[in-house]
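Structure first, then comments.
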Amino acid sequence: MNKMKRDRQFRPLPVPSVDVHGLFGDRQDAICDSTAETLLDRCVEAGMVRAIDTSKPSPGVVIPIQPWGGTTQMFWDSDLGKSIETVAYSLYRRPNPKLEARVDEIIDMYAKMQDEDGYLNAWFQRVQPGRRWTNLRDHHELYCAGHLIEGAVAYFQATGKRKLLDVMCRFADYMIKVFGSGEGQLRGYCGHEEIELALVKLARVTGQKKYLDLSKFFIDERGTEPHFFTEEAIRDGRDPASFIQKTYEYSQSHLPVREQKKVVGHAVRAMYLYSGMADVATEYNDDSLTTALETLWDDLTTKQMYVTGGIGPAASNEGFTDYYDLPNESAYAETCASVGLVFWASRMLGRSPNRRYADIMEQALYNGAMSGLSLDGKTFFYENPLESAGKHHRWVWHHCPCCPPNIARLLASIGSYMYAVADDEIVVHLYGESTARFDLDGAKIELSQRTRYPWDGAIRFELKADKPVRFALSLRIPEWADGSTLKVNGRALDLAPVMVDGYARIEREWRTGDHIDLDIPLAPRTLFANPLVRQDAGRTALMRGPLVYCVESTDNGEGLNRIVLEGKLSEAKTTEIAELRGAVALDVPVARDEADWGSALYRTSPPRIQRGTARFVPYAFWDNRAPGEMLVWVRAGELSGE
């Protein structure tokens with residue numbers, strides 16, 4: 001396969017440049033109908049808005065200080081920032097003056113609360129005003145600033161209103177004075193990464209390179225010696241060895257980032273760090289960062305990732321443990337972590353299209369991330385196990401409500417992940433009914449996808465341009481998509497000669513009326529885990545297209561571990577499930593152990609086998625109907641793809 005040089009810069013399209021329909025459009029409609037307002041309502045109920053209202057007394061400590069020395073109340077600014085970002089994207093899809101007015105009130109409160117020097121943080125201004133910048137390791141100041149920056153950028157792009165953007169520019173300008181290698185500056189960085197990728201967004205929207213430089217400083221300083229967190233603790237009178245996680249691996253600050261080889265620690269923090277590193281690698285054409293990220297990518301995706309794109313199996317550190325440790329029922333697999341993996345994968349595409357990243361982006365998006373939001377947009381998953389005995393259900397809110405606005409802002413801005421553009425190339429990373437608008441080489445181009453993907457693999461692209469223009473159009477051909485075909489204006493195109501890193505790259509002069517037909521077969525397929533994943537030994541998972549499938553007791557009765565997948569997978573029947581918004585289910589030949597074992601716990605004879613079918617539904621849509629059991633990895637019998 002041909003390889004693309006990585007000395008160019010591919011940037012995602014702004015959210016307003018893409019209209020999405022189909023499955024993603026349905027998810028965005030749910031966000032507009034329910035989620036965006038729900039996020040604000042629950043932020044109010046939790047006390048977050050009161051905490052920034054300087055016309056009222058400070059609420060003080062609402063959520064008690066925990067053994068790690070802080071409280072999730074310290075993160076409230078980040079929850080408001082992500083909620084503002086979600087509302088911003090929803091406003092572009094569907095104007096909502098009432099919702100916009102509510103956000104404007106919140107922004108006014110932040111503007112009034114901001115200190116003269118630019119500092120802004122509800123906790124450290126109104127609860128612990130003497131503790132500013134004293135514990136970057138644990139207390140999330142820069143993390144909160146990052147999410148407010150992202151909210152400010154999104155709200156400016158959606159509404160044209162600059163107030164929050166100007167507030168956050170002032171805060172970022174203050175950070176430039178505080179942090180750096182000069183005399184009197186802090187050579188520090190945040191224990192919970194996020195500010196790095198946010199500053200890149202701020203630089204791109206303002207055109208101010210100084211924000212890029214600050215992001216690069218935070219990345220370059222991380223993990224260097226003498227260790228900032230150690231010196232910070234000593235300055236603050238704390239024992240540097242006495243913190244709850246006991247290791248700097250938790251925050252990926254155990255080594256300089258370019259020396260890190262293994263993905264360790266808190267999963268969301270890791271994904272945000274790698275996202276920021278990838279952005280900086282793109283903006284500075286930094287091969288040293290890209291090389292480090294490629295090593296970390298392989299470490300994650302070949303040894304530490306669930307088939308759903310879920311990551312971080314352990315609740316104890318909300319993160320990584322040992323290689324091939326991927327338990328199903330106890331999987332933590334935080335929604336935010338899969339969202340973060342989508343962020344990282346998207347940014348790894350910044351230097352050139354490569355399906356090794358885009359395939360995983362799609363896998364994490366459609367499964368580990370999208371599962372975090374119910375079909376009606378009102379309830380959420382924090383953890384995403386791959387097996388449930390019937391006690392794991394969506395919840396209305398959480399004591400640490402990071403996941404609801406995170407999955408909402410991702411899905412509400414998904415058009416930005418579908419397409420990218422360089423000086424002479426348009427790239428389609430993800431497929432779905434949509435229309436995208438580009439400015440390329442002085443031409444205005446509109447590219448439309450007509451498709452029912454991921455339910456159907458037929459995709460038609462229709463192009464409009466205000467003048468003929470030469471550029472390359474690159475379309476991802478997923479690694480699993482054997483037998484894909486491509487036609488340009490009705491003429492079949494041999495894929496092999498035009499494939500570059502898993503993308504069909506078609507370079508020609510394009511004009512209005514040109515169309516491309518891409519057909520991606522969506523035959524069901526079975527996946528088997530590496531034998532070192534002991535929890536999946538003797539089991540198989542079912543996929544169709546980018547979707548992981550599961551069985552639920554609402555379709556198949558109790559005792560899902562009785563199901564044995566066997567027979568001819570080609571005999572699977574597809575059925576649209578109305579109560580799952582038209583999702584395609586698979587009715588697959590299976591065997592089942594007898595239901596009536598009797599009262600014996602053990603016996604010498606094996607269970608009798610009954611043959612029939614089992615219904616598999618997309619994993620992301622489970623627990624949207626009657627509550628009950630769920631299972632992804634089912635027992636594997638004699639299987640045939642014929």
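The values are calculated or read from the model by the stated rules, or taken from the named source; none is laboratory data. The model shown is predicted, which means the values in this text are computed figures rather than measured ones. Neighbour counts run over all protein chains shown; Cβ positions are idealised from the backbone, glycine included.
Could you go through the range 573-583 and let me know if any residue there is within 21 Å of THR526 (Cα to Cα) and buried (at least 19 other Cβ atoms within 10 Å of the Cβ). Reasoning before the result, please.
Going through the range 573-583, the residues within 21 Å of THR526 (Cα to Cα) turn out to be 573-576, 583.
Next, from what is left, pick out any that are buried (at least 19 other Cβ atoms within 10 Å of the Cβ): 583.
Checked against the condition, which is being within 21 Å of THR526 (Cα to Cα) and buried (at least 19 other Cβ atoms within 10 Å of the Cβ), the range 573-583 yields at least one hit.
Only one of the numbered conditions (1) over 18 Å from GLY312 (Cα atoms); (2) modelled with pLDDT under 95 is not met by PRO256, and that is (2).
I need a count of the residues in the range 420-436 that are closer than 19 Å to PRO353 by Cα and not hydrophobic (A, V, I, L, M, F, W, C).
Quick first cut of the range 420-436, residues closer than 19 Å to PRO353 by Cα only: 420-432, 436.
Retained after the next criterion (residues that are not hydrophobic (A, V, I, L, M, F, W, C)): 423-425, 429, 431-432.
Selection size over the range 420-436: 6.
For LEU341, indicate whether it is farther than 20 Å from GLY312 by Cα and aliphatic (A, V, I, L, M).
On the way: farther than 20 Å from GLY312 by Cα: no; aliphatic (A, V, I, L, M): yes.
In short, no.
Picking from residues in the range 259-289 that are of a type in the set (S, T, N, Q) and at pLDDT 95 or above, the one that is farthest from GLY312 (Cα to Cα) is SER288.
Kindly establish whether THR224 is surrounded by fewer than 19 Cβ atoms within 10 Å (Cβ to Cβ) and farther than 14 Å from LEU136 by Cα. Here the answer is yes, as THR224 does meet what is asked.
Does the range 330-354 hold any residues that are charged (D, E, K, R) and either under 12 Å from the mean Cα position of the chain (by Cα) or outside any loop (DSSP other than H, G, I, E, B) (or both), and which are they? Explain how you work it out, then say what you get.
Step one: of the range 330-354, the residues charged (D, E, K, R) are 334, 347, 351.
Selection gives GLU334, ARG347.
So is GLY502 surrounded by fewer than 16 Cβ atoms within 10 Å (Cβ to Cβ) and at positive phi or not? No, not satisfied. Restricting attention to the range 414-426, does a residue exist that is closer than 19 Å to GLY312 by Cα, aliphatic (A, V, I, L, M) and part of a helix (DSSP H, G or I)? No, there is no match, as no residue in the range 414-426 is closer than 19 Å to GLY312 by Cα, aliphatic (A, V, I, L, M) and part of a helix (DSSP H, G or I).
From the set of residues in the range 236-250 that are of a type in the set (D, E, K, R) and over 18 Å from GLY265 (Cα atoms), which is surrounded by the most Cβ atoms within 10 Å (Cβ to Cβ)? Reasoning before the result, please.
Within the range 236-250, the subset of a type in the set (D, E, K, R) is 236, 238-239, 246, 249.
From the residues that got through so far, the ones that are over 18 Å from GLY265 (Cα atoms) too are 236, 238-239.
Values: ASP236: 12, ARG238: 16, ASP239: 8.
Going through the qualifying residues, I end up with ARG238.
Has the range 389-405 got any residue that is assigned to a strand (DSSP E or B), at pLDDT 90 or above and either more than 19 Å from VAL44 (Cα to Cα) or in the same structural domain as ALA333 (by TED's automatic domain parsing) (or both)? Step through it out loud before you land on a result.
Quick first cut of the range 389-405, residues assigned to a strand (DSSP E or B) only: 395.
This time we only want the ones that are at pLDDT 90 or above, so: none.
Taking every residue of the range 389-405 in turn, none turns out to be assigned to a strand (DSSP E or B), at pLDDT 90 or above and either more than 19 Å from VAL44 (Cα to Cα) or in the same structural domain as ALA333 (by TED's automatic domain parsing) (or both).
Check whether at least one residue in the range 344-353 is under 27 Å from ASP33 (Cα atoms) and of a type in the set (D, E, K, R), and report yes or no. Among the residues of the range 344-353, not one is under 27 Å from ASP33 (Cα atoms) and of a type in the set (D, E, K, R), which makes the answer no.
Within the range 541-599, the set of residues being part of a helix (DSSP H, G or I), over 14 Å from TRP622 (Cβ atoms) and touching a Ser or Thr at 6+ places or on another chain (Cβ under 7 Å) comprises LEU569 only. Answer yes or no as to whether VAL268 is farther than 22 Å from LEU120 by Cα, in a loop (DSSP other than H, G, I, E, B) and assigned by TED's automatic domain parsing to the domain that holds GLY310. No. Which of the residues belonging to the range 477-516 are over 29 Å from GLY350 (Cβ atoms), in a strand (DSSP E or B) and of a type outside the set (A, V, I, L, M, F, W, C)? THR485, LYS487, ARG491, listed by residue number. In the set (1) within 30 Å of LEU527 (Cα to Cα); (2) surrounded by fewer than 23 Cβ atoms within 10 Å (Cβ to Cβ), the condition left unmet by TYR272 is number (2).
Can you say whether LEU197 is assigned to a helix (DSSP H, G or I), under 12 Å from GLY276 (Cα atoms) and touching a residue at least 40 places away in the same chain (Cβ under 8 Å), as far as the supplied structure shows?
Against the criterion (assigned to a helix (DSSP H, G or I), under 12 Å from GLY276 (Cα atoms) and touching a residue at least 40 places away in the same chain (Cβ under 8 Å)), LEU197 qualifies.
Any idea which of (1) surrounded by fewer than 17 Cβ atoms within 10 Å (Cβ to Cβ); (2) in the same structural domain as SER448 (by TED's automatic domain parsing) is the one PRO531 doesn't satisfy? (2) is the only condition that PRO531 fails.
Hey, does the range 139-148 have a residue that's at pLDDT 95 or above, part of a helix (DSSP H, G or I) and touching a strand residue (DSSP E or B) at 6+ places or on another chain (Cβ under 9 Å)? Within the range 139-148, one or more residues are at pLDDT 95 or above, part of a helix (DSSP H, G or I) and touching a strand residue (DSSP E or B) at 6+ places or on another chain (Cβ under 9 Å). Evaluate the range 300-314: report whether one residue or more is free of Cβ contacts under 8 Å to residues at least 60 places away in the same chain, part of a loop (DSSP other than H, G, I, E, B) and aromatic (Phe, Trp, Tyr). The answer is no, given that none of the residues of the range 300-314 is free of Cβ contacts under 8 Å to residues at least 60 places away in the same chain, part of a loop (DSSP other than H, G, I, E, B) and aromatic (Phe, Trp, Tyr).
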